[in-house]
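Presented below is the structure to which this report refers.
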Amino acid sequence: MAVGESLDFRIPSDVQYIEGVVGQVVARCTALAWSRRHVALNVPVALTEALSNAILRGNGDDVARSVMLRVRIDDVRLVAEVRDEGA
């Protein structure tokens, strides 16, 4: 049976915050003994792309808006929900 947790983030619509959020999720994946490839490549690339799209496209790079990220993670799966405040 998979043991998991949820992480919730709300960040300003500014790309400078992406690295910190991705780092926290990667740290959880590492703690759950995810494969080196997933931790070093797959997770950071997927989350960086999703968050940057929300900031740049969804929110139109408007720093007055926020991006929300909810991550459900266990030892076999990561599900990320990204929401922006754009149309």
Out of (1) free of Cβ contacts under 8 Å to residues at least 60 places away in the same chain; (2) surrounded by fewer than 12 Cβ atoms within 10 Å (Cβ to Cβ), the odd one out for Asp14 is which? (2)
Can you pull out the residues in segment 17-54 that are touching a strand residue (DSSP E or B) at 6+ places or on another chain (Cβ under 6 Å), open to solvent by less than 50 Å² (accessible area, probe 1.4 Å) and farther than 23 Å from Val76 by Cα? Ala54
Pairs needed: first member in segment 45-62, in contact (Cβ under 8 Å) with a residue 24 or more places away in the chain; second member anywhere, open to solvent by 70 Å² or more (accessible area, probe 1.4 Å) and not in a helix (DSSP H, G or I); C-beta distance under 6 Å; at least 6 residues apart or different chains. Asn59/Arg65; Asn59/Glu85
One residue is enough: does segment 3-11 have a residue meeting the conditions hydroxyl-bearing (Ser, Thr, Tyr) and in contact (Cβ under 8 Å) with a residue 60 or more places away in the chain? yes
Output the number of the condition that Asp75 fails; it satisfies all remaining conditions of (1) closer than 16 Å to Glu5 by Cα; (2) under 12 Å from the mean Cα position of the chain (by Cα); (3) charged (D, E, K, R). (2)
All-but-one check, Val71 against (1) among the aliphatic types (A, V, I, L, M); (2) without any contact (Cβ under 8 Å) to a residue 60 or more places away in the chain; (3) touching a helix residue (DSSP H, G or I) at 6+ places or on another chain (Cβ under 7 Å), failing number (2)
Quick one: Val82 ticks every box in (1) aliphatic (A, V, I, L, M); (2) on the phi < 0 side of the Ramachandran plot; (3) in contact (Cβ under 8 Å) with a residue 40 or more places away in the chain except a single one, so which number is it? (3)
For segment 64-75, indicate whether the set of residues that are at pLDDT below 95 and either among the aliphatic types (A, V, I, L, M) or in contact with a Gly (Cβ under 8 Å, 6 or more places away or on another chain) (or both) is non-empty. yes
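The values are calculated or read from the model by the stated rules, or taken from the named source; none is laboratory data. This is a predicted model, so every value here is computed, not measured. Neighbour counts run over all protein chains shown; Cβ positions are idealised from the backbone, glycine included. Side chains included, ligands, DNA and RNA excluded: accessible areas come from the protein's heavy atoms. Shrake-Rupley method; radii C 1.70, N 1.55, O 1.52, S 1.80 Å.
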